[in-house]
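Scroll down for the structure; my scribbles are underneath it.
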Amino acid sequence: MSSNGPKLPKPGFGLTLQRSHSGLSYSGPDSPIFLNQPQWSPDILKCEECNRDFDFFVRRHHCRRCGRCLCERCSKGKAALKRMRFLDLVRQCNICLAQSLDENQKLTQMGRLTSSIRFVDVSEKECQVFIDEYYTVMVIQRDTTPPIQIHLNDIKSAKILTKTHLNKTYPIGFRVVVNDEFDETSFEFLLPEDTATKQDQLWIKSLQIMFALIFEKPNNEQ
């Protein structure tokens with residue numbers, strides 16, 4: 001089981017390493033989990049956070065996540081920025097730094113999604129479900145039919161299914177609605193009641209984290 005979040009894509013999977021003034025990063029397969037790197041603000045006269053004047057002693061820097069032009073005091077933190085596929089620790093403003101640290105933990109938790117979990121679908125057939133390590137597709141495998149691949153970009157809505165017992169609520173499955181060319185298709189999966197484990201429930205909780213990242217609103221819409 002992977003526990004370190006997104007892996008560096010293997011050669012031949014559309015991987016391109018690139019170094020820019022922002023740092024070393026890679027472009028990989030299209031995934032709704034990852035974010036585009038921002039355009040940097042122009043070199044202005046004052047820090048966009050604290051309004052300090054830039055001069056010979058107060059130098060300009062840029063946050064790699066939001067792209068704002070900032071003084072060193074307002075952008076002194078460096079951390080991994082996994083959602084923008086940086087391989088280096090990169091400079092970020094205080095607001096973005098806290099967000100990136102939180103997301104890095106979430107991506108680490110999502111690493112367990114690359115391990116397959118046994119579910120029962122609406123037709124009461126058993127299947128194995130997992131997410132590919134680049135967060136592009138959900139794969140449903142059955143013994144008698146070819147695998148089904150649901151592209152994460154095509155998921156219109158998702159819901160974690162829960163059950164309450166003795167005043168305790170716990171996850172038991174999930175439902176996704178997928179857009180295709182002509183229609184919408186709903187998929188629902190439940191954990192087998194007789195064999196579900198705590199690890200299975202943790203897998204669903206990680207799936208819930210992934211859905212939250214997929215459907216989050218951009219900062220300017222919040």
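Just so it is clear, none of the values below were taken in a lab; they were calculated from the coordinates. The model shown is predicted, which means the values in this text are computed figures rather than measured ones. Note that each Cβ is placed from the backbone with ideal geometry, even for glycine, and that neighbours are counted across all protein chains shown.
In plain terms, the bigger the Kirkwood radius, the slower the diffusion; for the range 101-144, with that radius from Cα pairs, at 25 °C and 0.890 mPa s, Stokes-Einstein puts D at 211 µm²/s. Applying the criteria of a DSSP loop state and at most 12 other Cβ atoms within 10 Å to the trypsin sites (Lys or Arg not before Pro) of the range 17-78 yields ARG59.
The chymotrypsin sites (Phe, Trp or Tyr not before Pro) found in the range 123-185 that occupy coil by DSSP, while having at most 16 further C-beta atoms within 10 Å, are PHE182. Mind telling me which of PRO171, PRO42, PRO192 comes out most flexible in a GNM of the chain, alpha-carbon contacts under 10 Å? In the Gaussian network model the winner is PRO42. For the chain, the share of alpha carbon pairs falling in successive 5 Å distance bins from zero is 1, 6, 12, 16, 16, 14, 11, 9, 7, 5, 3, 2, 1, 0 percent. Between the range 160-222 and the range 58-135, what is the separation of their alpha carbon centroids in Å? Here the two parts' Cα centres lie 20 Å apart. Report Rg(Cα)/(2.2 N^0.38 Å) for the range 16-111, keeping two decimals. Expressed relative to 2.2 N^0.38 Å, the Cα Rg reads 1.13. Listing HIS61, HIS151 from fewest to most neighbouring C-beta atoms within 10 Å gives HIS151, HIS61.
Qualifying trypsin sites (Lys or Arg not before Pro) in the range 86-135, where qualification requires a DSSP coil assignment and no more than 15 other C-beta atoms within 10 Å, comprise LYS125.
Among TRP203, TRP40, a tally of other beta-carbon atoms within 10 Å of each Cβ gives an order, fewest to most, of TRP40, TRP203. Only alpha carbons enter this Debye calculation for the range 115-221, each as an equal point scatterer, and the log10 of I(q)/I(0) it gives at q = 0.19, 0.23 Å⁻¹ is -1.04, -1.45.
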